[in-house]
Ligand SMILES: Cc1cc2nc3c(=O)[nH]c(=O)nc-3n(C[C@H](O)[C@H](O)[C@H](O)COP(=O)(O)O)c2cc1C
């Protein structure tokens, strides 16, 4: 069982010695602790104590040889971050976006996807100073969790608020956050960096006239859940979706399309200009666009409203298959491609033939197949089959959630289980 990882940002307060007992308690309770201490903190407790407590090399200097990227790696490595003791100086600089030392650059590299606690410790006047209170409010508004301070006699002899909360109470706060050890996917993402994933989702709409469209039944819910799941694992996701399609709840970067042409334009631009590691092409793309409309034998101008009084003939033009273009457009020649194939109540042999055709024509790394007979729009129960090639049996997924987790694992670790 892997351990939960806590990054401690220690700044220069006399309460640093109390943070040592918190660190000791965390280690005794099976947490892995990494300390980043400011030079001032090291005036209060020695590097030997801090390294001795955690068994890990201390981080203190942004420009320490061999640790040049620690300001990114350490913050990604952690499952929870706590600034303890947090000085007025550190709190005010964090709220100002200053990044002139290791602790503040670690904060700037924080992506707000994990708990970040701040345990202030300072003289009452420093604590109640308008600047400090404003900074604490700013940090809170950004989602950091500001712990209370205790009241009592301070190191300076004055009495009041600003004392560091009792280390046992801070320990309980950390435990309450239920910091779970990273899954293999998160651990992989943390160690090698977040893969960039482009997801297309939802269905295209081809306008027939001002009010009518040619479209399909896609809701975009699978794509949205995938985006959400990958984002939660710490991946860098771009979500390209239809205007009416479902959206992930998280703040995933999202681009919108309506027609086949819009989607084609977005895909081409993104792939040619950005370095994506994975493309998940889950959008239901119309195989046809409207070529010509005839009402009672007469051609209708594009954009004109069709009267309901006469019979209408639509001539459809075949659209090219976008999936076959993805590798050609991709700036990253090693991009991994995941295609989707839906079949309509076909038997096993026909399904397999359809999957085989996608492999032959578009050379994807995976094909995700589902048949209409295995999907219930009413209950939302969908079965998915993930093929690595048409010769070997697929990995079956019993629900959308199961599918999203299996695909995330493959993206994160290369394992398809
Ligand atoms: C003996 C002593 C005790 C201090 N205690 C605190 C403290 O409890 N809280 C605080 O905000 N500053 C305290 N300071 C001031 C900070 O150490 C000072 O602002 C320092 O620049 C903080 O640097 P850092 O935030 O980068 O660690 C103390 C200074 C001294 C000399």
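The values are calculated or read from the model by the stated rules, or taken from the named source; none is laboratory data. For clarity, every value in this text was computed on a predicted model and none was experimentally measured. So basically every Cβ, Gly included, is an ideal-geometry build from the backbone, and we count neighbours across all protein chains shown.
For the reader, a short list of remarks on this structure follows.
- Matching residues, region 119-165, being under 19 Å from residue 20 (Cβ atoms) and within 12 Å of the ligand (Cβ to nearest atom): 119, 120, 121, 122, 149, 154, 155, 163, 164
- Which listed residue, of 398, 362, 373, 408, is assigned by TED's automatic domain parsing to the domain that holds residue 333, in contact (Cβ under 8 Å) with a residue 12 or more places away in the chain and closer than 15 Å to residue 323 by Cα: 362
- Residue under evaluation residue 47, criteria (1) farther than 25 Å from residue 111 by Cα; (2) in contact (Cβ under 8 Å) with a residue 24 or more places away in the chain; (3) within 16 Å of the ligand (Cβ to nearest atom), criterion not met: (2)
- Single condition residue 213 does not satisfy, out of (1) in contact with a helix residue (DSSP H, G or I) (Cβ under 9 Å, 6 or more places away or on another chain); (2) surrounded by fewer than 19 Cβ atoms within 10 Å (Cβ to Cβ): (1)
- Members of region 13-40 that are within 16 Å of the ligand (Cβ to nearest atom), surrounded by fewer than 19 Cβ atoms within 10 Å (Cβ to Cβ) and assigned to a loop (DSSP other than H, G, I, E, B): 14, 39, 40
- There is at least one residue in region 53-63 that is modelled with pLDDT of 95 or more and in contact with a helix residue (DSSP H, G or I) (Cβ under 6 Å, 6 or more places away or on another chain).
- Boolean, residue 229 is crowded, with 18+ Cβ neighbours inside 10 Å, outside any loop (DSSP other than H, G, I, E, B) and not assigned by TED's automatic domain parsing to the domain that holds residue 85: yes
- Hey, residue 58 buried (at least 17 other Cβ atoms within 10 Å of the Cβ) and more than 10 Å from the ligand (Cβ to nearest atom) or not: yes
- The listed residue being under 30 Å from residue 237 (Cβ atoms), at pLDDT 95 or above and within 13 Å of the ligand (Cβ to nearest atom), out of 91, 98, 82: 98
- Scanning region 269-298 for residues that are within 17 Å of residue 364 (Cα to Cα) and part of a helix (DSSP H, G or I) gives a single hit, 271.
- Residue match in region 189-196 (condition: assigned to a strand (DSSP E or B), assigned by TED's automatic domain parsing to the domain that holds residue 245 and touching a helix residue (DSSP H, G or I) at 6+ places or on another chain (Cβ under 7 Å)): no
- Within region 1-12, restricting attention to residues that are crowded, with 18+ Cβ neighbours inside 10 Å and more than 10 Å from the ligand (Cβ to nearest atom), the residue that is farthest from the chain's Cα centre (by Cα) is 8.
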